[in-house]
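Participant: Here it is: the structure, laid out below.
The values are calculated or read from the model by the stated rules, or taken from the named source; none is laboratory data. Fair warning: this is a prediction, and the values are worked out from it, not measured in the lab. So basically every Cβ, Gly included, is an ideal-geometry build from the backbone, and we count neighbours across all protein chains shown.
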Amino acid sequence: MRILYLIITLLIIITQSMLSAQEPPLVEEVLPDSLIEEDNKKDMETMMIWKLTEELDLQVEQADKFFPRFREHRKAIDEIKNKERALGKSLNKNMENKDKLTGAEVNKIIKESTALRKKMADLEEKFLLESGEILDPNQQAKLGLFKHKMMKNMKGKMKKRQKRRGMKDGKKAKRGKKHGKRRGYWN
C-alpha cells in the first residue's frame, strides 16, 4: 500500500513539474482579437504620450497645454483614417462584384482617397506649426521627427517579436523538414 501511495505521489510531482516547465500560452492566443486591438491601442497611446513627454522634455505647463491639442489632433487623424479604410472596403467589395465596377467609380474612389490623404497632411502641418505656440523651436523640430522615429522603433520591436514567436517575414515558420525545398545541385 505504501508503494502505491509513493508511486501516486511521484506521478503527481512529475506531472506538476512537467506542467510548470511548459510556457504559458501567449495573451494573443487566449484573448479575442478585438480585445487585443483595444488593449494595444490604449497601450500605444500611453506609450506615445510617455515617449513624447520624454523626447520633447516637456515642462508641466507645456504638457498641460500640449496634450489636449495632441489628443484632438489624433482624434481628427483617426477619423480621416477610418474614412480612408471605409473607402478601401468599399473598393474591395466592388471588386468582388466585377460586373458592377466601372472606371468612373474607381476614379472617384482614388480622388476621394487622395483628398483624404491631403487633408491628413494639412492637419499634420497645421498641428506642427501651431505647436510653436507651446513648444520652443527645438521641441517643435523634435515633434516633427517624432512620428518617423517612433514608427522606426516600433517596426524593429515588431520584427524582434516575430523572431521570438518563430515567424519569418510575417508568416509562421514551418517546423521539421524543409517544406518544399529540396537541396539541389546549386544549393
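Participant: Applying the selection to segment 136-156, what residues are under 20 Å from residue 45 (Cβ atoms), of a type in the set (A, V, I, L, M, F, W, C) and surrounded by fewer than 15 Cβ atoms within 10 Å (Cβ to Cβ)?
Facilitator: Once the filter is applied, which keeps residues that are under 20 Å from residue 45 (Cβ atoms), of a type in the set (A, V, I, L, M, F, W, C) and surrounded by fewer than 15 Cβ atoms within 10 Å (Cβ to Cβ), segment 136-156 yields 145, 151, 154.
Participant: Can you tell me which of 101, 135, 145, 128 is within 26 Å of residue 59 (Cα to Cα) and outside any helix (DSSP H, G or I)?
Facilitator: Every option except 135 fails the conditions.
Participant: Identify, please: which residue in segment 102-135 is within 24 Å of residue 92 (Cβ to Cβ) and of a type in the set (A, V, I, L, M) and is, among those, surrounded by the fewest Cβ atoms within 10 Å (Cβ to Cβ)?
Facilitator: 104
Participant: From the list 64, 122, exactly one residue is assigned to a helix (DSSP H, G or I) and either closer than 26 Å to residue 153 by Cα or within 19 Å of the chain's Cα centre (by Cα) (or both). Which is it?
Facilitator: Sole residue among the options that is assigned to a helix (DSSP H, G or I) and either closer than 26 Å to residue 153 by Cα or within 19 Å of the chain's Cα centre (by Cα) (or both): 122.
Participant: When you scan segment 133-155, do you find a residue that is on the phi < 0 side of the Ramachandran plot, modelled with pLDDT of 90 or more, among the small types (Gly, Ala, Ser) and in contact with a helix residue (DSSP H, G or I) (Cβ under 6 Å, 6 or more places away or on another chain), even just one?
Facilitator: no
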